[in-house]
1. Which residue out of K110, K139, K161 is surrounded by fewer than 19 Cβ atoms within 10 Å (Cβ to Cβ) and either more than 30 Å from A71 (Cα to Cα) or not hydroxyl-bearing (S, T, Y) (or both)?
2. Restricting attention to the range 193-214, and to residues there that are under 20 Å from the mean Cα position of the chain (by Cα) and surrounded by 14 or more Cβ atoms within 10 Å (Cβ to Cβ), which single residue is farthest from L179 (Cα to Cα)?
3. If a residue counts only when it is free of Cβ contacts under 8 Å to residues at least 60 places away in the same chain, which helices (runs of 4 or more DSSP H) contained entirely in the range 1-90 have at least 3 such residues?
4. Inside the range 113-141, can you point out the residues that are more than 18 Å from the chain's Cα centre (by Cα) and among the aromatic types (F, W, Y)?
5. Any idea which of S90, S72 is small (G, A, S), out of contact with any Asp or Glu (no Cβ under 6 Å at 6 or more places or on another chain) and at pLDDT below 95?
6. Condition first: modelled with pLDDT under 95 and closer than 30 Å to I308 by Cβ. Can you find one or more residues in the range 173-193 that meet it?
7. Could you tell me whether S338 is farther than 24 Å from I162 by Cα, polar (S, T, N, Q) and without any contact (Cβ under 8 Å) to a residue 40 or more places away in the chain?
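The values are calculated or read from the model by the stated rules, or taken from the named source; none is laboratory data. On a predicted model such as this, the values are computed, not experimentally measured, just so you know. Note: ideal-geometry Cβ built from the backbone for every residue, glycine included; neighbour counts use all protein chains shown.
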Amino acid sequence: MVKIAAVTPFLVAPRPSSDGWSRGQITILVKLETSDGLIGWGEAYALTYREEACKHIILNLAEDLKALAHASPRAFLSKIASPMATKHPSIDYAAAVSALEIALWDLTAKQAGLPLHALLGGAVKDHIAIYANAWDSPKQTPEAIAERCARMRDEGYRAVKIYPLRQPNLERAHQAVRLTREALGDEADMMLDFAVQKDPRYALQAARAFAPYRPYWIEEPVAGDNIPALAEFRSRTDIRITTGERQSGVRHYRDVLHHRAADVLNPDVTGAGGILTMLEVGAMAGAHSVMISPHSWNSTTVAYMVMIHLCAVMENAPFAELYYDYLELGAEFGDCDSQITDGFASLPQKPGLGVEIDETALRTLCL
């Protein structure tokens, strides 16, 4: 029986990558402590300018959570989170719910003495393929993007993701895709994130120009909540279409599947609603012969480990995402029971999520 005694959110300050490639971003971690001293960790999806709001939603939900006699993930969702979810739903609220639900799963698995994947029914794979997010921006040249992706390949990653339409024009975008494919060779996959284009015609023009370079998928060619436009875009290309990182709740993903608007769903466990939501979305996707590849522009500690457990138990999850530029910062306060070797993450074996947080180090990094 789990009784929550304390809930503590942490806003981790952004840290530019040591090579100056990216600026970093704020991340939101949550610590739950039970009445008998057991600790569980969660993480919320962090949105620029809204991190403090998410923190306060977490603290408000925490008051009701602490009042529960038995604070299981399902009890939290049923008695506290779900009754409010339909009242002006937002990803900010879903992110706060996700963080607390994840932490409750960490506690439940630790109390059972099992790794999370065992508690979720058991892993169907013993290693998980990782793709590295190159997180390129307009300031980086096509040559620099290709060079960085080549280094990632040399480090063992079998797939990378770039953002070609952040380049100033289609000619430069085409150059970035061509040079990246040449740098990766034929052995590594290349994902293209279009980062939601306002003009679907431009996105389609780009997709056709990039097709000869065999992208594994095109992510977010248009806004994910514009399902008719997404479905039409998909009907006009043979490249896989990926969507889902910006939305939350099962209903959205059900509608995407109903309209055959995507080949891959990429909800983020820290924003979609938590672990149970991800499992339900994964099962729905599988029933429609659609893949699920969890999004993770989060820390490489808590959120990353949740994603690894989820991919381990879902047969239709071909890849997990790595926010490559966070690795250095994450290593300063987190120790994960999973190693990346030749582009694959090993299956965690320790009870719970398998992440140990150095709270003293964490506090020095917070806003």
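1. Working: K110 fails: surrounded by fewer than 19 Cβ atoms within 10 Å (Cβ to Cβ); K161 fails: surrounded by fewer than 19 Cβ atoms within 10 Å (Cβ to Cβ).
That would be K139, the only listed residue that is surrounded by fewer than 19 Cβ atoms within 10 Å (Cβ to Cβ) and either more than 30 Å from A71 (Cα to Cα) or not hydroxyl-bearing (S, T, Y) (or both).
2. Step by step, filter the range 193-214, then rank; the result is V196.
3. Helices (runs of 4 or more DSSP H) meeting the threshold: 51-67, 82-85.
4. Residues satisfying the conditions do not exist here.
5. That would be S90, the only listed residue that is small (G, A, S), out of contact with any Asp or Glu (no Cβ under 6 Å at 6 or more places or on another chain) and at pLDDT below 95.
6. Scanning the range 173-193, I find at least one residue that is modelled with pLDDT under 95 and closer than 30 Å to I308 by Cβ, so the answer is yes.
7. yes
Let's see how each residue does on (1) outside the structural domain of R251 (by TED's automatic domain parsing); (2) more than 12 Å from the chain's Cα centre (by Cα); (3) modelled with pLDDT of 95 or more; (4) among the hydroxyl-bearing types (S, T, Y):
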residue: V290; (1), (2), (3), (4): no, yes, yes, no
residue: S293; (1), (2), (3), (4): no, no, yes, yes
residue: S296; (1), (2), (3), (4): no, no, yes, yes
residue: Y304; (1), (2), (3), (4): no, no, yes, yes
residue: C311; (1), (2), (3), (4): no, no, yes, no
residue: E328; (1), (2), (3), (4): no, yes, yes, no
residue: A331; (1), (2), (3), (4): no, yes, yes, no
residue: C336; (1), (2), (3), (4): no, yes, yes, no
residue: I340; (1), (2), (3), (4): no, yes, yes, no
